[in-house]
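In what follows, a single structure is set out as structure tokens and then discussed.
The values are calculated or read from the model by the stated rules, or taken from the named source; none is laboratory data. Just so we're clear, the structure is a prediction, and the values are computed from it rather than from any experiment. When we count neighbours, we look across all protein chains shown, and the Cβ atoms used for this are built from the backbone with ideal geometry, even at glycine. These area figures cover heavy atoms from the full protein model, side chains too; ligands, DNA and RNA do not enter into them. Shrake-Rupley method; radii C 1.70, N 1.55, O 1.52, S 1.80 Å.
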Amino acid sequence: MRRILFALLLMLTPCLAQAQSQPYRVVFDLTSRDTLEQKAVLRWLREVGTSSPDAQMEVVMYGKGFELVMPERSAYIDDVKTAMKNPNVSFKVCAIALKNNNIAQSQLLSGVETVPDGIRELVSKQQDHWGYIKVMH
């Protein structure tokens, strides 16, 4: 019996070590102009950053979600600026969504990046083993 338990422990040890060494990376999918959803994603960035300071976090915005990072439209622009001070946090806006809404990149908060396709960005992150969270309330 001891041999079986020992063999089982030896087999599980590499799996446990690998699980512990995996980086904490999460991408948030924000498509809404809903202020409750915007507030939620900002809260999650703070909470994850506090509990796991090395966590990499990215907010991908398309649909109308990009309004979070528009100084003229965002109710939480100061919170976005604070979140952007964390080098592990990035905000990315879909260029297709900007084009569809006649929004220029210059209307976004400085430091916000654009990606050619927000959905592709989300899929790419998931293929790279990032966690995925759809922002909803």
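Values for this structure:
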read-out: Test: residue in the range 44-52 that is of a type outside the set (S, T, N, Q) and in contact with a helix residue (DSSP H, G or I) (Cβ under 6 Å, 6 or more places away or on another chain); value: yes
read-out: Tally of residues being β-branched (Val, Ile, Thr) and crowded, with 19+ Cβ neighbours inside 10 Å across the range 57-84; value: 4
read-out: Qualifying positions in the range 63-83 - part of a helix (DSSP H, G or I) and of a type outside the set (Phe, Trp, Tyr); value: Gly65, Glu67, Leu68, Val69, Ile77, Asp78, Asp79, Val80, Lys81, Thr82, Ala83
read-out: Conditions (1) closer than 19 Å to Asp34 by Cα; (2) outside any helix (DSSP H, G or I); number of the one not met by Asn86; value: (1)
read-out: Test for Ala97: is it open to solvent by less than 30 Å² (accessible area, probe 1.4 Å), of a type in the set (Gly, Ala, Ser) and at pLDDT 95 or above; value: yes
read-out: The range 102-119, residues that are more than 20 Å from Ile77 (Cα to Cα) and open to solvent by 20 Å² or more (accessible area, probe 1.4 Å); value: Asn102, Pro116, Asp117, Ile119
read-out: Number of the exception - Asp54 against (1) free of Cβ contacts under 8 Å to residues at least 40 places away in the same chain; (2) open to solvent by less than 80 Å² (accessible area, probe 1.4 Å); value: (2)
